[in-house]
Amino acid sequence: MIDAHCHLNFRTFEKDVDKVIQEALDSGVKAIINVGTQIDSSKKTINLAEKYKNIYAAVGVHPHHTDKLNNNDWLKELENLAKHKKVVAIGEIGLDYFSYKSNGITDPILQKKLFIQQIELAYRLKLPLQIHNRHAEKDIADILDNHKLYLLSPPGMIHCFSGSLDFLRKVLDLGFYIGFDGNITYKGVAPGETTSLLDLAKYTPVEKILTETDSPYLSPIPFRGLRNTPKNVIIVKEFLASLKNFDAEKFQTQIDNNFERVFKVEL
């Protein structure tokens, strides 16, 4: 099993990150992509990936942080980081129009600019994308459609998928894989969304699914509200396999194959 997206470089893991990683590996997790959200956290993802054979890095600037870059050389810094041998994706990048208590909404124009710059960087370096969407599906779909020539085959994944069926169809048509997390186990529809994750997962072909945790967030039932860790990707896998009426072992093999295809990693 794989965790295609988590944040082990975040402060909540400072004291026990090695234990958390070992627990995941002991549980059968074969690979983890640790994801940066700023330049500094992207550096940390690489440092951790250098320590563990099974951990890989994604580097990028999250839409939340597009207004917090300290200099004009950030893109060059990101490019240098992305050339590291353990970096397998550019992410977490994208658009986020949700108003957070701590941050509000970052200027959408600036978000779009940096999103496009990082898409172009990924194309130059031949790295797949890990895309974040929150309440921004129309603009993301438009940008991706207008930058088809900058998308690899496959182009990457939409991380922690949410949105409408129409958005799902559009990104699947563009070749993207779809990441599902522990919130697939939650009941109902998330605030601001129109379509349940269950319906989205049912529509998504198994050949296009990737499992992830987004640790330390989105712990699956029965651990909702607690710190999430990569070992909980096993719960995500089992839930999705049942939802898709798929043999658990065959489902895991397919997810592993999907991971290898997108990120060019041999498990």
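Miscellaneous remarks
- Selection from Gln117, Pro230, Tyr52 lying farthest towards where the dipole of the chain points positive, charges on Cβ: Tyr52
- Taking every DSSP helix (H) stretch of at least 4 residues in the chain, weighting each as -39,500 (n - 2.57) and dividing the sum by the residue count yields a mean residue ellipticity at 222 nm of -12000 deg cm²/dmol.
- Inter-site label distance for Lys53 and Ile105 at 7 Å from Cα along Cβ, in nm: 4.8 nm
- Each other residue within a Cβ distance under 12 Å of Gln38 adds +1 if Lys or Arg and -1 if Asp or Glu, for a net charge of -1.
- Neighbour counts of other Cβ atoms within 10 Å put Glu193, Glu137 in the fewest-to-most order Glu193, Glu137.
- Filtered GluC sites (Glu not before Pro), region 210-267: DSSP coil and at most 13 other beta carbons within 10 Å: Glu266
- 5 angstrom amide H check on Ile209, placed H, neighbours 5+ away: Ile178
- Leu198-Glu260 FRET efficiency (beta carbon distance; Förster radius 35 Å; 0.05 resolution): 0.85
- Base-10 log of normalised Debye intensity for the chain (one unit scatterer per alpha-carbon) at q = 0.07, 0.08, 0.12, 0.17 Å⁻¹: -0.21, -0.27, -0.65, -1.46
- Derived scalar couplings ³J(HN,Hα) [region 234-247; Karplus, 6.51 cos²θ - 1.76 cosθ + 1.60; whole Hz; x for Gly, Pro]: 4, 5, 4, 4, 5, 5, 5, 4, 5, 4, 8, 6, 10, 4
- Environment charge at Asn70 (Cβ cut-off 15 Å; Lys +1, Arg +1, Asp -1, Glu -1): -1
- Overall size of region 95-246 from C-alpha positions, given as principal axis extents largest first: 40, 37, 27 Å.
- Panel order for Cys160, Cys6, by other beta carbons found within 10 Å of each beta carbon, from fewest to most: Cys160, Cys6.
- In nm, spacing of pseudo-spin labels at Lys187 and Leu125 (7 Å Cα→C-beta vector): 4.4 nm
- All distinct Cα pairs of region 85-135 go into the 1/r average, and the inverse of that average, the Kirkwood radius, is 11.8 Å.
The numbers here are math on the coordinates, done by the rules we state, and not lab data. From a predicted model like this one, the values you see are computed outputs, not experimental measurements. All Cβ positions, even for glycine, are placed from backbone atoms using ideal geometry, and neighbour counts span all protein chains on display.
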